[in-house]
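Trainee: Here you go, one structure.
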Amino acid sequence: MTNKQSYADGTISQNEINWLVRRAKGSFGIITTAASHVSKDGQGWEGEFGLYDDKFIDCLSLLSRSIKRYDSLIFAQLFHGGMRAPEHLTGFQPITASRTICKESKSGYTRMASDHDIWRIIQDFTSAAVRCVESGFDGIELHGAHGYLISQFLSKTINKRTDKWGGDINGRSQFLIEIVNSIKNNVPENFIVGIRLSPEIEELNISLEDSIKLIRKVKTMGLDFIHLSCWDIYAPSLQYPKDPKRIAEWITHSIDNLPPIISTGKIWSAEDAQNAIDQGADLIGVARAAIPYPDWAKNIEETKYNPPKAPFSVQQLQDAELSAPFINYMRKWKSFVEDD
């Protein structure tokens, strides 16, 4: 969950550690960090901690030790912002699969990644995963959703390449495939490796049909989970709006022998969680509900659990271990924080 609580040099702050540890204390089985950049040129937001240097290992180790006191697993979410890594923040022209218009670039355009750039970033993902091993993390989640660099390579709209990194879904997924292979070859066998995908992104022309093909391909790679970022578990497919199947059902009903599936998207109540399980999910992911309710995972055992929704008072959010930068960030979400 992006929270903007860490330091400008990429070091994770005690505020961000406190936020995550409070959810472990509240009985969440897996704590996944906010998206954390694997390359200096991949940072997406101010206050985002990094994984691109060994200097971060000590503070990451503090996080992992703190989480494990409560018997939760700790995963880092590895990402590169690509064309969504602002030049004013990174000092680098945003990079992506092909040259394209980009409001985050001073020139107004991205730089097309060279073959050397691509292999450098693959190594950056791998080195970040190895640092997570050295820091005592239990696993990593590759952020291939929400329009960041991995999604940009999967996109028919952005990826216009004619080399091995472009073309059909086999070529456009090669960047992700090489990242997975490289990480799996460099971490212990018991280190958990999964990916997060958006099965559909209309503006990037990422279709459900291609995502099903992609998941069929990656399921054979020894992944420990696939995280489906559905945005709304009740929404129908954009590609097949009249079909009653929901996004997760399209995946779980179309593909056999899947690794564990995590489903997310507007899961708030116990009923929502059960509905996600009924759609074929093995695990439930929540972000928004865990902001005001750090004990959500503990309370979800009650079948009628349905905590009040926003707005939330500043005091309630402070009590839930949100620092001032995070609360101010939440003010950008319509009606999430009560007016002072």
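The values are calculated or read from the model by the stated rules, or taken from the named source; none is laboratory data. Quick caveat: nothing in here was measured; it's all calculated off a predicted structure. Note: ideal-geometry Cβ built from the backbone for every residue, glycine included; neighbour counts use all protein chains shown.
Trainee: Please determine whether any residue of segment 192-201 is buried (at least 18 other Cβ atoms within 10 Å of the Cβ), in contact (Cβ under 8 Å) with a residue 12 or more places away in the chain, farther than 28 Å from Gly265 by Cβ and not polar (S, T, N, Q).
Mentor: No, segment 192-201 has no match at all.
Trainee: Sticking with this one: Restricting attention to segment 312-337, which residues are of a type in the set (Ser, Thr, Tyr) and in contact with a Phe, Trp or Tyr (Cβ under 8 Å, 6 or more places away or on another chain)?
Mentor: Pass one, segment 312-337, residues of a type in the set (Ser, Thr, Tyr): 313, 323, 329, 335.
Scanning segment 312-337 gives a single hit, Ser323.
Trainee: Kindly indicate the residue of segment 210-245 that is among the polar types (S, T, N, Q) and touching a helix residue (DSSP H, G or I) at 6+ places or on another chain (Cβ under 8 Å) and also surrounded by the most Cβ atoms within 10 Å (Cβ to Cβ) among those meeting that condition.
Mentor: Once the filter is applied, the top-ranked residue is Ser211.
Trainee: Return yes or no: is Arg288 buried (at least 16 other Cβ atoms within 10 Å of the Cβ), assigned by TED's automatic domain parsing to the domain that holds Gly144 and under 29 Å from Asp168 (Cβ atoms)?
Mentor: On the way: buried (at least 16 other Cβ atoms within 10 Å of the Cβ): yes; assigned by TED's automatic domain parsing to the domain that holds Gly144: yes; under 29 Å from Asp168 (Cβ atoms): no.
No, not satisfied.
Trainee: Taking only pairs six or more apart or across chains, which ones have beta-carbon atoms under 7 Å, a first residue in segment 64-87 that is under 17 Å from Thr100 (Cα atoms), and a second residue that is charged (D, E, K, R) and not in a helix (DSSP H, G or I)?
Mentor: Taking only residues 6 or more apart or on different chains, the pairs are Met83/Glu104; Arg84/Glu104; Ala85/Glu104; Pro86/Glu104; Glu87/Glu104; Glu87/Lys106.
Trainee: Mind checking which residues of segment 253-278 are farther than 19 Å from Asn306 by Cβ, part of a loop (DSSP other than H, G, I, E, B) and in contact with a strand residue (DSSP E or B) (Cβ under 9 Å, 6 or more places away or on another chain)? Lay out the reasoning, then the answer.
Mentor: In the first step, residues of segment 253-278 are kept if they are farther than 19 Å from Asn306 by Cβ; the result is 253-262.
Then keep just the ones that are part of a loop (DSSP other than H, G, I, E, B); that gives 255-260.
If the condition is that a residue be farther than 19 Å from Asn306 by Cβ, part of a loop (DSSP other than H, G, I, E, B) and in contact with a strand residue (DSSP E or B) (Cβ under 9 Å, 6 or more places away or on another chain), then Leu258, Pro259, Pro260 are the ones that fit.
Trainee: All but one of (1) under 20 Å from Ile140 (Cα atoms); (2) outside any helix (DSSP H, G or I); (3) of a type in the set (Gly, Ala, Ser) hold for Ala24; which doesn't?
Mentor: Only one criterion in (1) under 20 Å from Ile140 (Cα atoms); (2) outside any helix (DSSP H, G or I); (3) of a type in the set (Gly, Ala, Ser) is unmet by Ala24, namely (2).
Trainee: Looking at Pro311, Pro325, can you tell me which residue is farther than 15 Å from Ser27 by Cα and either aliphatic (A, V, I, L, M) or in contact (Cβ under 8 Å) with a residue 40 or more places away in the chain (or both)? Step through it out loud before you land on a result.
Mentor: Working: Pro311 fails: either aliphatic (A, V, I, L, M) or in contact (Cβ under 8 Å) with a residue 40 or more places away in the chain (or both).
Only one candidate passes the filter, namely Pro325.
Trainee: Restricting attention to segment 225-250, report how many residues are within 17 Å of Gly285 (Cβ to Cβ) and in a loop (DSSP other than H, G, I, E, B).
Mentor: Filtering segment 225-250 down to residues within 17 Å of Gly285 (Cβ to Cβ) leaves 225-235, 246-249.
Within this subset, residues satisfying the condition of being in a loop (DSSP other than H, G, I, E, B) are 230-235.
Qualifying residue count, segment 225-250: 6.
Trainee: Which of the residues belonging to segment 26-43 are crowded, with 17+ Cβ neighbours inside 10 Å and either more than 22 Å from Ser127 (Cα to Cα) or touching a Ser or Thr at 6+ places or on another chain (Cβ under 6 Å) (or both)?
Mentor: First, pick out the residues of segment 26-43 that are crowded, with 17+ Cβ neighbours inside 10 Å: 26-28, 30-39, 41-43.
Listed by number, the residues that qualify are Gly26, Ser27, Phe28, Ile30, Ile31, Ala34, Asp41, Gln43.
Trainee: Would you point out the residue of segment 157-185, among those that are of a type in the set (Lys, Arg) and touching a Ser or Thr at 6+ places or on another chain (Cβ under 8 Å), that is nearest to Ile101 (Cα to Cα)? Break it down into steps so the answer makes sense when it comes.
Mentor: In the first step, residues of segment 157-185 are kept if they are of a type in the set (Lys, Arg); the result is 160-161, 164, 172, 184.
From the residues that got through so far, the ones that are touching a Ser or Thr at 6+ places or on another chain (Cβ under 8 Å) too are 160-161, 172.
Numbers: Lys160: 13, Arg161: 15, Arg172: 19 Å.
The qualifying residue nearest to Ile101 (Cα to Cα) is Lys160.
Trainee: Looking at (1) within 20 Å of the chain's Cα centre (by Cα); (2) within 17 Å of Arg111 (Cα to Cα), which is the only condition Gln174 fails?
Mentor: Failed condition: (2).
Trainee: Here are some conditions: (1) in the same structural domain as Tyr293 (by TED's automatic domain parsing); (2) of a type in the set (D, E, K, R); (3) in contact (Cβ under 8 Å) with a residue 40 or more places away in the chain. Lys4 meets all but one. Which one does it not meet?
Mentor: (1)
Trainee: Now a separate question. Among the residues of segment 171-181, write down those that are closer than 27 Å to Glu134 by Cβ and buried (at least 18 other Cβ atoms within 10 Å of the Cβ). Show your work before the answer.
Mentor: Keep residues of segment 171-181 that are closer than 27 Å to Glu134 by Cβ, which gives 175-181.
If the condition is that a residue be closer than 27 Å to Glu134 by Cβ and buried (at least 18 other Cβ atoms within 10 Å of the Cβ), then Phe175, Leu176, Glu178, Ile179, Val180 are the ones that fit.
Trainee: Residues Ala273, Ala281, Ala248: which one is under 17 Å from Ile201 (Cβ atoms), surrounded by 16 or more Cβ atoms within 10 Å (Cβ to Cβ) and under 20 Å from the mean Cα position of the chain (by Cα)?
Mentor: That would be Ala248, the only listed residue that is under 17 Å from Ile201 (Cβ atoms), surrounded by 16 or more Cβ atoms within 10 Å (Cβ to Cβ) and under 20 Å from the mean Cα position of the chain (by Cα).
Trainee: Among residues belonging to segment 129-156 that are among the β-branched types (Val, Ile, Thr) and surrounded by fewer than 20 Cβ atoms within 10 Å (Cβ to Cβ), point out the one that is farthest from Leu60 (Cα to Cα). Give the steps one after another, and end with the answer.
Mentor: We begin by selecting, within segment 129-156, every residue among the β-branched types (Val, Ile, Thr); these are 130, 133, 140, 150.
Okay, now just the ones that are also surrounded by fewer than 20 Cβ atoms within 10 Å (Cβ to Cβ), so 130, 133.
Values: Val130: 12, Val133: 10 Å.
The extreme case among them is Val130.
Trainee: Please go through (1) of a type in the set (Ser, Thr, Tyr); (2) surrounded by fewer than 18 Cβ atoms within 10 Å (Cβ to Cβ); (3) assigned to a loop (DSSP other than H, G, I, E, B) for Tyr52 and return the number of the only condition it doesn't satisfy.
Mentor: Every listed condition holds for Tyr52 apart from (2).
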